[in-house]
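Read the structure below first, then the notes.
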Amino acid sequence: MKKLTPAQKLALEDAAHQACQHSYAPYSTFPVGAAVLTDSGRILAGCNVENASLGLTCCAERVALFNAVSQGERRIVAVAIYTPTAAPTAPCGACRQVLQEFGAELTVIAICEGRERLETSLASLLPAPFAHPGNEGKSHEP
Ligand code: THU
């Protein structure tokens with residue numbers, strides 16, 4: 001787990017908060033914003049995008065991660081999640097698995113409207129991820 005500077009944390013958390021403003025969540029009315037920090041120092045954000053066909057909804061964490069990967073950033077060191085709730089929201093199981101593809105050492109930060117925050121490692125949230133035989137550790141290759 002890479003140690004983030006206070007400035008990096010602040011910027012990442014702020015990006016997640018900002019992204020939440022663009023959430024499209026008319027069905028659940030549960031807006032989520034997320035932002036990932038890459039090892040090159042970039043911050044890419046995303047929000048949850050729901051759909052009338054509910055199962056097609058994509059979580060904010062995956063939108064942020066796919067934003068990063070589609071810009072050529074495959075080494076993710078941290079993710080911040082913001083929800084306008086009293087308690088922080090941990091990433092869902094599907095997002096944990098998807099995040100770990102590009103950030104096995106990831107730091108996970110979840111912030112909310114309240115003072116409580118979650119700061120932990122992805123490894124602790126997903127102790128036994130699925131890895132495709134033969135592709136372990138190759139996600140950063142071209
Ligand atoms: N959601 C996220 O964006 N991230 C999570 O980790 C959990 C759930 C979204 C999906 C859906 O739009 C809404 O929250 C309610 O489940």
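Filtered by the rule that a residue be within 14 Å of the ligand (Cβ to nearest atom), crowded, with 17+ Cβ neighbours inside 10 Å and under 20 Å from Cys20 (Cα atoms), region 99-136 gives Leu99, Val108, Ile109, Ala110, Ile111, Cys112.
Looking across region 52-64, the residues that are more than 9 Å from the ligand (Cβ to nearest atom) and surrounded by fewer than 19 Cβ atoms within 10 Å (Cβ to Cβ) come down to Ala52, Ser53, Gly55, Leu56. Note on region 82-95: residues that are hydrophobic (A, V, I, L, M, F, W, C) and either in contact with a Ser or Thr (Cβ under 6 Å, 6 or more places away or on another chain) or more than 10 Å from the ligand (Cβ to nearest atom) (or both) total 2. Candidates in region 9-24 are the residues that are under 21 Å from Val98 (Cα atoms) and small (Gly, Ala, Ser); of these, the one that is farthest from the ligand (Cβ to nearest atom) is Ala15.
Among residues of region 50-73 that are free of Cβ contacts under 8 Å to residues at least 40 places away in the same chain, those with a beta-carbon under 7 Å from a residue that is in a helix (DSSP H, G or I) and away from the ligand (no atom under 11 Å from the Cβ) at least six positions away or on a different chain give the pairs Leu65/Phe102; Val69/Phe102.
Going through region 95-139 one residue at a time, which ones are closer than 23 Å to Pro6 by Cα, part of a loop (DSSP other than H, G, I, E, B) and in contact (Cβ under 8 Å) with a residue 12 or more places away in the chain? Once the filter is applied, which keeps residues that are closer than 23 Å to Pro6 by Cα, part of a loop (DSSP other than H, G, I, E, B) and in contact (Cβ under 8 Å) with a residue 12 or more places away in the chain, region 95-139 yields Gly103, Ala104, Glu105, Leu106, Cys112, Glu113, Gly114, Glu116, Arg117. Kindly indicate whether any position in region 126-140 is over 10 Å from the mean Cα position of the chain (by Cα) and at pLDDT 95 or above. Among the residues of region 126-140, at least one is over 10 Å from the mean Cα position of the chain (by Cα) and at pLDDT 95 or above, which makes the answer yes. Of all the criteria given as (1) modelled with pLDDT under 95; (2) assigned to a helix (DSSP H, G or I); (3) not hydrophobic (A, V, I, L, M, F, W, C), the one not satisfied by Lys2 is (2). Here Val36, Val77 are screened, and the one residue that is within 15 Å of Leu106 (Cα to Cα), crowded, with 19+ Cβ neighbours inside 10 Å and within 15 Å of the ligand (Cβ to nearest atom) is Val36.
Any chance region 91-107 includes a residue that's of a type in the set (A, V, I, L, M) and over 20 Å from Ala131 (Cα atoms)? Among the residues of region 91-107, not one is of a type in the set (A, V, I, L, M) and over 20 Å from Ala131 (Cα atoms), which makes the answer no.
The values are calculated or read from the model by the stated rules, or taken from the named source; none is laboratory data. What you see is a predicted model, and the numbers here were worked out from it, not measured in a lab. Every residue, glycine as well, gets a Cβ built from its backbone with ideal geometry; the counts of neighbours run over all protein chains shown.
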